[in-house]
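Participant: What follows is a structure written as structure tokens; I'll ask about it next.
The values are calculated or read from the model by the stated rules, or taken from the named source; none is laboratory data. These figures come from a predicted structure and were not determined experimentally. Note: ideal-geometry Cβ built from the backbone for every residue, glycine included; neighbour counts use all protein chains shown. Calculation scope for accessible area: heavy atoms of the full protein, side chains included, ligands and nucleic acids excluded. Shrake-Rupley method; radii C 1.70, N 1.55, O 1.52, S 1.80 Å.
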Amino acid sequence: MTTKQIQAIRGMNDVLPDQAHPWEFFEDTVRDWLRVYGYRNLRTPILERTELFVRSIGAATDIVEKEMYTFVDELNGENLALRPEGTASCVRAVIEHNLLYGGPQRLWYWGPMFRHERPQKGRYRQFHQVGVEALGFPGPDIDAEHLVMCARLWRALGLDGVELDLNTLGDAECRARYRQRLVKYLERHEARLDADSKRRLGTNPLRVLDSKNPELAGIIAGAPKLVDDLDESSLKSFEELQALLREAGVGFRINPRLVRGLDYYNGAVYEWVSDRLGAQNAVCAGGRYDGLVEQIGGKPAPACGFAIGVERLLALIRDYARAVPRVPDVYLVRQGAEAERYGARVAERLRDGGLSVLLHCGGGSFKSQMRRADASGARFAVIVGDDEAAANVVSVKPLREAGQQARASIGEAIDLMKKGVSSE
Ligand code: HAM
């Protein structure tokens, strides 16, 4: 009888070692990118109180209504949720630790997020985001900074065809005015709406505009436009933002239907989309959320930010030439009782010297160890037998290029191999 295998949860993926180097390449690029803009890293827990997301993302949103992983902690009865996004946690932490007393904050985070959506290409139940948030800045200069940053990252990663859709949602009052007009219009067409849109009409009518149902395209195209209800200061700020983007050479198109699926937004919102991603075409999205800090208990402070969907972004990178798989510099082959002990010490010395070393473990013939050395991708085999151990030396054999095996002291071997490795 064989024991039944346990498999990963649907929509939650393993990244296997052979698939990991694009992730590592991306992580390295992202760290450099954030450093040159002066953003500082914030790490928050994956679990938060459910209430945090209900209050920030909004009770009538898809995320809160049907996609959150929530449960009651049996030990103390608390209602908890796996975070579906990072902005709410970031704002909570900023308030809880009074970070805004030190002045405005430029922050970033990275990590897994969880949404119980129907899995498909580009849509997972556990996915990863790199999020960037700026708190305490009224904009639109900082909003422009975020969009310029994104454009720089796409260039650094060699992405093409990622386009920027931009809209403004105005302030809460003009949105309320618009909502009324939109509801009146949609009620006139209620008979032709699908079930989802009928439900949204009562809870979150702006989201009807987001519907992907082609049968609703005509109704959506004829709907009143938010721009006609905008207050003057939102309009002015939006125009300034557009001027800053033009000046920086960041192309965009205004998309009056872009409303975003989270309730905390106001003012400028955007999505970076690619037609190479299929239905899930947004690779990065964000905008301004000036009311959120106050809404979850802080002193009012303007804020804005964005998050990149890492899986979608990795799917867009065509040129992985620079994402070279990481191979060790050295595979250490050791044979003989004394050589076993000596070899382990040599490996540590080589690492002290700055080389990465795979130490052969598990015994086996010299031939089988050399086969492993070859398969590891290492540039050099360092071979130690009882002879080398007695003489306190090693034998170095280049594996990827012509060259003789040579005996050397450990110090000489380090110099020799580092020259070989750095001349790559
Ligand atoms: P969001 O639009 O919900 O915004 O998510 C941002 C990005 O995360 C999306 O554009 C997409 O690339 C990726 N994403 C979302 N859901 C999934 C999924 N199920 N599978 C794969 N990728 C996904 C936010 O989360 C906001 N917190 C962004 C923000 C930050 N706004 C202001 N600051």
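Participant: Once every DSSP H run of n ≥ 4 in the chain is given -39500 (n - 2.57) and the sum is divided by its residues, what mean residue ellipticity at 222 nm do you get, rounded to the nearest 500 deg cm²/dmol?
Facilitator: So the helix-based figure for the chain works out to -11000 deg cm²/dmol.
Participant: Per-residue accessible area for Arg125 at 1.4 Å probe radius, Å² rounded to 10?
Facilitator: 30
Participant: Which angle between 0 and 90 degrees, to the nearest 10, do you get for helix 366-375 versus the longest principal axis of the chain when only C-alpha atoms count?
Facilitator: 30
Participant: Hey, how many Å between the Cα centroid of region 1-59 and the Cα centroid of region 60-122?
Facilitator: Cα centroid of region 1-59 versus Cα centroid of region 60-122: 12 Å apart.
Participant: Could I ask something else about it? Using a 1.4 Å probe and counting only protein heavy atoms, arrange Leu226, Leu358 so the residue with the most accessible area comes first. Intermediate values should be presented prior to the final figure.
Facilitator: Working: Leu226 10, Leu358 75 Å².
Result, largest first: Leu358, Leu226.
Participant: In nm, give the distance between the simple-model label positions of Leu75 and Lys212, each being 7 Å from the Cα along the Cα-to-Cβ direction.
Facilitator: My value for the distance between the label points is 4.0 nm.
Participant: What is the calculated FRET efficiency for Arg192 to Ala279, with r their C-beta to C-beta distance and R₀ = 25 Å, to the nearest 0.05? Write down the numbers at each step before the final one.
Facilitator: Values: r = 23 Å, r/R0 = 0.91.
E(calc), rounded to 0.05, equals 0.65.
Participant: After finding the eigenvalues of the alpha carbon gyration tensor for the chain, what semi-axes result from the square roots of 5 times each, listed largest first in whole Å?
Facilitator: Numbers: eigenvalues 569, 114, 89 Å².
Semi-axes from the Cα gyration tensor: 53, 24, 21 Å.
Participant: Which trypsin sites (Lys or Arg not before Pro) in region 1-61 sit in a loop by DSSP (not H, G, I, E or B) and have at most 15 other Cβ atoms within 10 Å of their own Cβ?
Facilitator: Lys4, Arg10, Arg43
Participant: Can you compute the FRET efficiency between Leu399 and Asp32 using 1/(1 + (r/R0)^6), with r the Cβ-Cβ distance and R0 = 35 Å? Round to the nearest 0.05.
Facilitator: On the way: r = 31 Å, r/R0 = 0.88.
About 0.70, to the nearest 0.05.
Participant: Something else: I'd like to check one number: the per residue accessible area of the chain, probe 1.4 Å, reported in Å² as a whole number.
Facilitator: Details: 21680 Å² over 424 residues.
Value for the chain: 51 Å² per residue.
Participant: Okay, moving on. Looking only at the chain, where both bridge partners belong to it, what percent of the DSSP beta bridges are antiparallel (to the nearest 5)?
Facilitator: Numbers: 47 of 60 bridges.
Within the chain, antiparallel bridges account for around 80 percent of the total.
Participant: Return the FRET efficiency for the residue pair Asp231, Val15: r is the Cβ-Cβ distance, R0 is 51 Å, and the value is rounded to the nearest 0.05. Walk me through the numbers before you get to the answer.
Facilitator: Details: r = 46 Å, r/R0 = 0.90.
The calculated FRET efficiency here is 0.65.
Participant: Just to be sure I follow: if Rg is taken over the C-alpha atoms of region 127-234 and Rh is the Kirkwood radius over the same atoms, what is Rg/Rh?
Facilitator: On the way: Rg = 17.6 Å, Rh = 16.7 Å.
Ratio value, two decimals: 1.06.
Participant: I want the antiparallel fraction of DSSP beta bridges within region 330-422, as a percent rounded to 5.
Facilitator: 45
Participant: Work out the length of the dipole vector of region 330-422 about its Cα centre, built from +1 on the beta-carbon of each Lys and Arg and -1 on the beta-carbon of each Asp and Glu, and round it to the nearest 20 debye.
Facilitator: Values: 14 positive and 11 negative charges, 64 e Å.
The calculated dipole for region 330-422 is roughly 300 debye.
Participant: Take peptides 386-393, 142-149 and line them up by average Cβ neighbours within 10 Å, highest first, as a rough protection proxy. Don't skip to the end; give the middle numbers.
Facilitator: On the way: 386-393: 15.1, 142-149: 21.4.
The peptides rank, most packed first, as 142-149, 386-393.
Participant: May I pose another question? Restricting to Cα atoms and excluding each atom paired with itself, what does the Kirkwood estimate give for region 330-422 in Å? All intermediate terms of the calculation are to be shown ahead of the outcome.
Facilitator: Numbers: mean 1/r = 0.0781 Å⁻¹.
Roughly 12.8 Å, rounded to one decimal.
Participant: Say the cut-off is 31 Å between C-alpha atoms; which of Lys4/Lys121; Lys198/Lys225; Lys184/Lys299; Lys184/Lys212; Lys121/Lys236; Lys4/Lys367 go over it?
Facilitator: Details: Lys4/Lys121 28 Å; Lys198/Lys225 19 Å; Lys184/Lys299 36 Å; Lys184/Lys212 21 Å; Lys121/Lys236 39 Å; Lys4/Lys367 37 Å.
Checking Cα-Cα distances, Lys184/Lys299; Lys121/Lys236; Lys4/Lys367 exceed 31 Å.
Participant: Would you rank Arg199, Arg152 by solvent-accessible area, highest first, keeping every protein chain in place and using a 1.4 Å probe?
Facilitator: Values: Arg199 80, Arg152 110 Å².
Solvent-accessible surface, decreasing: Arg152, Arg199.
Participant: Over what distance in Å are the Cα centres of region 136-156 and region 189-255 separated?
Facilitator: First find each Cα centre; the distance between them is then 22 Å.
Participant: Related question: Of all the accessible heavy-atom surface of region 330-422, with the other protein chains kept in place and a 1.4 Å probe, what percent is carbon and sulfur? Show your work: numbers first, answer last.
Facilitator: On the way: 2410 of 4830 Å².
In region 330-422, the share of accessible area belonging to carbon and sulfur is 50 percent.
Participant: Would you please name the GluC sites (Glu not before Pro) within region 258-316 that are DSSP coil residues with at most 15 other C-beta atoms within 10 Å of their C-beta?
Facilitator: Details: sites: Glu271, Glu294, Glu311; in loops: none.
Sparse-neighbourhood loop GluC sites (Glu not before Pro): none present.
Participant: Let me check against my output: what whole-number percent is the relative contact order of the chain, with C-alpha pairs under 8 Å and at least 6 apart? List each step's numbers first, then the result.
Facilitator: Values: 691 pairs, mean separation 64.5, N = 424.
About 15 percent, as a whole number.
Participant: Can you pull out the GluC sites (Glu not before Pro) in region 1-93 whose DSSP state is coil and whose Cβ has at most 10 other Cβ atoms within 10 Å? If you can, show how the numbers build up before the last one.
Facilitator: Details: sites: Glu24, Glu27, Glu48, Glu51, Glu65, Glu67, Glu74, Glu78, Glu85; in loops: Glu74, Glu78, Glu85.
Taking region 1-93 and a limit of 10 other Cβ atoms within 10 Å, the loop GluC sites (Glu not before Pro) found are Glu74.
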